[in-house]
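Asker: Before we start, here is the structure in question, set down as structure tokens.
The values are calculated or read from the model by the stated rules, or taken from the named source; none is laboratory data. Worth saying up front: this structure is predicted, and the values here are computed from it rather than measured. Ideal geometry is used to build each Cβ from the backbone, glycine not excepted, and the neighbour counts take in all protein chains shown. Note: areas computed on protein heavy atoms with side chains; ligands, DNA, RNA excluded. Shrake-Rupley method; radii C 1.70, N 1.55, O 1.52, S 1.80 Å.
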Amino acid sequence: KCDSNSDLFEKLLEQSYVPQAFPGCITDIKAYLDFIEGRKKFNKDMIKGYGKHVIEGYGITMRLNSYTDEFLKEIIAYLNSNNFLDILKEKFEIDEFLNIETAIQKNLNKYEISPHCDTSRKALTYMVNIYTDKRCEDLSIHTHLLKFKEQYRYLSLFWETNNVDPVWVPWDWCETVKCTSSNNSITIFKPSHETLHAVKLDYDHLEFQRNQIYGNLWYEKSKKTENVPWQDLDIVNRRNVGFIRRALSKLGL
């Protein structure tokens, strides 16, 4: 708990949390504070990589870069070990060589990732909620598991049957099925054309933070090689109808 944003960052940096390059986030602390404190408007060009044309704000992710507590050292060492990796590969029937990445991090206010299914380079993703306050379960800080609205369900089939990586899409194309809000709970899934998920934070991070053990398993390279921006996939609003209709016609639709 902190009295101000400057106090928050001072304490986090002292405890070896560092800004992490992360989807939906920027790493410049000053630029982030200018945005959330109203001195500057959202600038999509600050976002590097995914989603800059579909999200409405950015957060900052602070990752714990050094573990001094023996209990945390043991947990993180295990979660990044070949032992844990082999268990996950067996459970999810993954045969290929993978890189594993696990860390403890805090997502601060305004962090947003719009609905997406994950890049085909990601083999598995997992998130553990580790809150310190019961109130966290009732706040808008949790991962949404979603499905496409009826008029956009053609996208799942399109991504399943074409050499095209899924992309982030607008929130209003989807509807939430469940929020993973329980403390001390883990969500694990193998990305596919149907694993839509998203998050959009709106909370007071001075009271407490969105804490997670966050992990990914990565393939050496993406399974799919082509990319189509979300604007070109929208036949509901008649954007680039020809492209997507030609792709669907090949499937007899």
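Asker: Run the numbers for Lys73 and Asn183: contour at 0.36 nm per residue of separation, minus the present Cα-Cα distance, in nm.
Answerer: 37.5 nm
Asker: Taking the alpha-carbon distance from Lys149 and a cut-off under 16 Å, which aspartates and glutamates remain once sequence neighbours fewer than 8 residues away in the same chain are dropped?
Answerer: Asp172, Glu175, Glu194, Asp234
Asker: Further question on the same structure: If you roll a 1.4 Å probe over the heavy atoms of the protein chains, what accessible area per residue do you get for the stretch 193-233, in Å²?
Answerer: Per-residue accessible area for the stretch 193-233 comes out at 45 Å².
Asker: Only Lys, Arg, Asp and Glu count, each charged at its Cβ (+1, +1, -1, -1), so figure out the dipole size of the stretch 127-234 about its Cα centre, rounded to 20 debye.
Answerer: The dipole of the stretch 127-234 has a size of about 340 debye.
Asker: Ignoring any ligand, DNA or RNA, what whole percent of the accessible area of the chain comes from carbon and sulfur when the probe is 1.4 angstrom? List each step's numbers first, then the result.
Answerer: On the way: 6410 of 13250 Å².
Answer for the chain: carbon and sulfur cover 48 percent of the accessible area.
Asker: A follow-up question, please. Express the accessible area of the stretch 41-116 per residue in Å², computed with a 1.4 Å probe while the remaining protein chains stay in the model.
Answerer: Per-residue accessible area for the stretch 41-116 comes out at 56 Å².
Asker: In the stretch 23-102, how does Rg compare with the Kirkwood Rh, expressed as the Rg/Rh ratio over alpha carbon atoms?
Answerer: 1.14
Asker: Could you tell me what % of all Cα pairs in the chain have separations over 32 Å?
Answerer: 25
Asker: Taking 29 Å as the cut-off for C-alpha to C-alpha distance, list the pairs among Lys89/Lys147; Lys147/Lys223; Lys48/Lys122; Lys11/Lys190; Lys30/Lys52 that go past it.
Answerer: In this structure, Lys11/Lys190 exceed 29 Å between Cα atoms.
Asker: Can you compute the charge dipole magnitude of the chain about its Cα centre, using +1 on each Lys and Arg Cβ and -1 on each Asp and Glu Cβ, nothing else charged? Give it in debye, rounded to the nearest 20.
Answerer: Rounded to the nearest 20 debye, it is 940 debye.
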